[in-house]
1. Can you tell me which residue is nearest to residue 234 (Cα to Cα) among those in the range 245-256 that are open to solvent by 60 Å² or more (accessible area, probe 1.4 Å) and part of a helix (DSSP H, G or I)?
2. Within the range 50-63, is there a residue that is touching a residue at least 12 places away in the same chain (Cβ under 8 Å) and over 16 Å from residue 146 (Cα atoms)?
3. Scan the range 164-189 residue by residue and report those that are in a helix (DSSP H, G or I) and either touching a strand residue (DSSP E or B) at 6+ places or on another chain (Cβ under 9 Å) or of a type outside the set (Ser, Thr, Tyr) (or both).
4. Please pick out the residue among 274, 268, 284 that is open to solvent by 20 Å² or more (accessible area, probe 1.4 Å) and in contact with a His (Cβ under 7 Å, 6 or more places away or on another chain).
5. Counting just the residues of the range 193-210 that are assigned to a loop (DSSP other than H, G, I, E, B) and in contact with a helix residue (DSSP H, G or I) (Cβ under 8 Å, 6 or more places away or on another chain), which one comes out least open to solvent (accessible area, probe 1.4 Å)?
6. What's the number of the condition residue 61 fails, among (1) within 24 Å of the chain's Cα centre (by Cα); (2) surrounded by 19 or more Cβ atoms within 10 Å (Cβ to Cβ); (3) at pLDDT 90 or above; (4) among the hydrophobic types (A, V, I, L, M, F, W, C)?
7. Report every pair of residues separated by at least 6 positions or lying on different chains whose Cβ atoms are under 9 Å apart, first residue within the range 208-224 and farther than 18 Å from residue 272 by Cα and without any contact (Cβ under 8 Å) to a residue 12 or more places away in the chain, second open to solvent by 20 Å² or more (accessible area, probe 1.4 Å) and assigned to a loop (DSSP other than H, G, I, E, B).
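The values are calculated or read from the model by the stated rules, or taken from the named source; none is laboratory data. Everything numeric here is computed off the predicted structure, so don't read it as measured data. We place every Cβ from the backbone using ideal geometry, glycine too, and count neighbours over all the protein chains shown. Ligands, DNA and RNA are excluded from the accessible area calculation, which covers all protein heavy atoms including side chains. Shrake-Rupley method; radii C 1.70, N 1.55, O 1.52, S 1.80 Å.
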Amino acid sequence: MADGTTETGGGDGCGGEPESSDSMRTFGAMVQALREHTGLSREQLGEHVRYSKHMVASIEIGRRMPPPDFVERADPVLGDTGVLRKSARHLVRKPGLARWFREWARLEREAISLYTYECRLIPGLLQTEAYARTLFTHQLPPLGSEQIDAQWEARAQRQMLLRERENTAFSFILEEHLFLRQMGGVEITHELIDHVQGTAELPNVEIQVMPQVRRTHAGLDGPMQLLESPENQWFAYNEGQRGGLFISDPKEISVLQRRYARMCAQALTPEDSLSLLQQMRGAL
């Protein structure tokens, strides 16, 4: 979610995109008018701004909030008048289920530590395209093909955090059954395990697997995310079926920190976790 957009599937902004606002639709209509005036197709504009034609379409109809780099790259291509930059300052969304997720996404882009425990599905930061598209395709209510493309575009952008923020410590605790479920089939699971193992080789990433058979478990209340800001403040984000909870109360965060620390001790070591993943891959 570090791209400022909402996503579904993988601890990434439950409830999908909030309802668009008048400012988003107005901005989108302006982009479309300028694009047509310059004689560019959506695909051609997408090549200039380094986004897909589906992302351009979603912005033009007011469904997606334009990322800052989209605005910076589009303005020179569409006349270099500065009108898009000025208009973007006034963009707002209607309040929705993803409001707290957007605040979390803003903090995530600057975090110096980010801890994630997941028991439902592989976190968005670790998903492969095939795994993510499986989630998007089978979501209810159903998503259209353009929405699915836009969702993956946002997720892929967000995953760049792992490599771009080399001084940020990323920690993941993943339940063993997330891989045993074989979401999408054996081939997708093979690719997923390979991807997770490769990501674990990054010096700023630590991945632990929580064994399926465990006599005690500190995370039975569900998934959680914790982050530390550059000012050494801690925040948390918990997500359910149709809503997310952004937490800034130090007392509540202290409880979650203690639970996460206990889970780190209960899970397999990073080395043993990678060995287990390799064993699971061979057994598929």
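1. First pass over the range 245-256, keeping only residues open to solvent by 60 Å² or more (accessible area, probe 1.4 Å): 245, 248-252.
Remaining after also requiring part of a helix (DSSP H, G or I): 250-252.
Working: 250: 7, 251: 11, 252: 10 Å.
Restricting to residues being open to solvent by 60 Å² or more (accessible area, probe 1.4 Å) and part of a helix (DSSP H, G or I), the top hit is 250.
2. Residues of the range 50-63 that are touching a residue at least 12 places away in the same chain (Cβ under 8 Å), as a first pass: 50-63.
Okay, now just the ones that are also over 16 Å from residue 146 (Cα atoms), so 50.
Yes, the range 50-63 has at least one match.
3. Narrowing the range 164-189 to residues in a helix (DSSP H, G or I): 164, 177-180, 186-189.
Of everything in the range 164-189, those that are in a helix (DSSP H, G or I) and either touching a strand residue (DSSP E or B) at 6+ places or on another chain (Cβ under 9 Å) or of a type outside the set (Ser, Thr, Tyr) (or both) turn out to be 164, 177, 178, 179, 180, 186, 187, 188.
4. Numbers: 274 fails: in contact with a His (Cβ under 7 Å, 6 or more places away or on another chain); 268 fails: in contact with a His (Cβ under 7 Å, 6 or more places away or on another chain).
Result of the check over 274, 268, 284: 284.
5. Residues of the range 193-210 assigned to a loop (DSSP other than H, G, I, E, B): 201-204.
Filter once more, keeping what is in contact with a helix residue (DSSP H, G or I) (Cβ under 8 Å, 6 or more places away or on another chain): 202, 204.
Working: 202: 37, 204: 20 Å².
Looking at residues that are assigned to a loop (DSSP other than H, G, I, E, B) and in contact with a helix residue (DSSP H, G or I) (Cβ under 8 Å, 6 or more places away or on another chain), I get 204.
6. Unmet condition: (2).
7. Listed by first residue and then by second, the contacts come to 220/119.
To keep it simple, each residue is scored yes or no on (1) exposed (fewer than 15 other Cβ atoms within 10 Å of the Cβ); (2) at pLDDT 85 or above; (3) polar (S, T, N, Q).
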| position | (1), (2), (3) |
| --- | --- |
| 12 | no, no, no |
| 16 | no, no, no |
| 24 | no, yes, no |
| 31 | no, yes, no |
| 35 | no, yes, no |
| 38 | yes, yes, yes |
| 41 | yes, yes, yes |
| 53 | no, yes, no |
